[in-house]
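The next block holds one structure in the form of structure tokens; read it before the comments.
The values are calculated or read from the model by the stated rules, or taken from the named source; none is laboratory data. All values derive from a computational prediction rather than experimental measurement. Neighbour counts are summed over all protein chains in view; Cβ atoms, including those assigned to glycine, are modelled from backbone coordinates with ideal geometry. These accessible areas exclude ligands, DNA and RNA; they are computed on the full protein's heavy atoms, side chains included. Shrake-Rupley method; radii C 1.70, N 1.55, O 1.52, S 1.80 Å.
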Amino acid sequence: MTAEATPPLVGKTDGRAPAGPSARGPRARTTAGYPRYVAGKLGGAAVSLLAVLVTSFFLFRLIPGDPVKFMTGGRQVSAEQLAAYRREFGLDLPTWEQFTDYCGKALTGDLGTSYQFRAPVIDKITEALPNTLLLTGTSFVLYTALGIFLGTRAAWRNGRLGDRLNTGLALTLYSIPSFWLGLLLIIVFAVGIGPIPGLFPTGGMESGDEQGFAYVLDVAHHLVLPVVTLVAVEYGQTLLVTRSALLDEMGSDYLTTARAKGLRDDLVRRRHAVPNALLPTMTLIFINLGRTVAGVILVETVFSWPGLGGLFYQALSVPDLPLVQGLFFVFAAAVIVMNTLADLIYPLLDPRVGR
């Protein structure tokens, strides 16, 4: 072949790959774009919190009822006394002035004063929060662990009897209203029915006359039925998400390669399939973690549990506007913060996200 037939080279490379964006690879591009991704998510969370703040003020003013009349306890009072109550709580001000005052105080952490308890809203929330976290936190740990374990087993034995039984039971329990299941458990295991005696308290958090370790056992005894209710209703969602994600991974080439190398099926599942399949489940876990702060209003009400959910129900029946607004904002803020945290962590687990 002659020199004229040889195509000319475009530039010199002197043995090195050309520099440029394509040479940096996906990991470098992900790292470079992560601060912008974080800023976008934090900005979206701030806008969501602002929207919740506005919504919480106007939404609950649509509830019928006069909180001033509730504060009188049904007694006959004069118009001057009613006007004095309205001035005390700022209810005589125009709506726009009440709104600006509410937003200004909320940004400093002051959520107002409860009408029925005559105490700062933030104090009532911090008083009931540990009780809610005890109930929902215990349930969260149990139904998350149970859902992931059973979802993994069901997916790995897809189509078998165990998979059908697990999936069918999870779907059935997930579709049952939590308050209905709670009432059913109270009738059967607290009140007693037929040969089944009443084994657990019908409600509350404690008997009131126990101390020390006996008090811990008493609280645990009261905790059984509400925790069973929440676990039974909530574990199915985690099971179904885990099962679906693992089924998507089971046909992947890297699992075939792992089996070809002679790894046992159990090791292939635990070391390779499950860690990758848990990525969608992580998002669900963070969402449920936000809901542990929000509490479970219906379950706490059915079991007379003294948490944020029961407090919200009491405030809603008045209506105690500052307390309802404050609880609604705390509930929504917890979910927004946890969702944002999940969005921020997800790209670290999967570099394909947030490029």
note = With every protein chain kept in place and a 1.4 Å probe, the residues Phe140, Phe213 fall, from largest accessible area down, as Phe213, Phe140
Scattering curve values for the stretch 43-168, log₁₀ I(q)/I(0), Debye with Cα scatterers, q = 0.12, 0.13, 0.23 Å⁻¹ = -0.72, -0.77, -1.36
Whole-angstrom Cα spans of the chain along principal axes, big to small = 114, 62, 37
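Would you please classify the overall shape of the stretch 244-349 from the alpha carbon gyration tensor, given that a ≥ b ≥ c denote the square roots of the eigenvalues, rounded means a/c under 1.5, and beyond that prolate means a/b larger than b/c while oblate covers the rest? Provide the component values of the computation, followed by the final result.
On the way: a/c = 5.43, a/b = 2.94, b/c = 1.85.
Prolate, because a/c is 1.5 or more and a/b exceeds b/c.
Report the full-extension gain for the segment Ser207 to Lys261: residue separation times 0.36 nm, less the Cα-Cα distance, to one decimal in nm. The partial results should precede the final answer.
Values: separation 54, 0.36 × 54 = 19.44 nm, distance 5.98 nm.
That pair, Ser207 and Lys261, stretches by 13.5 nm at full extension.
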remark   = In the chain, whole DSSP H helices that both stretch 20 Å or further along their axis by alpha carbon positions and average at least 1.6 on the Kyte-Doolittle scale are 321-349
ask   = By accessible area of protein heavy atoms, probe 1.4 Å, what ranking do Tyr174, Tyr254, Tyr34, Tyr143 get, highest first?
value = Tyr174, Tyr254, Tyr34, Tyr143
ask   = Three principal axis extents, largest first, for the C-alpha atoms of the stretch 146-227, in Å?
value = 52, 31, 23
remark   = Taking 164-170, 224-230 and ranking on average Cβ neighbours within 10 Å, highest first, one gets 224-230, 164-170
query = What does the highest-first list of 180-192, 85-97 look like by mean Cβ count within 10 Å?
reply = 180-192, 85-97
ask   = Once amide H atoms are built 1.01 Å from N in the peptide plane, which residues 5 or more positions from Thr113, or in another chain, come under 5 Å H to H?
value = Val121
query = What order, most packed first, do the peptides 302-314, 271-283 have when packing is the mean number of other Cβ atoms within 10 Å of each residue?
reply = 302-314, 271-283
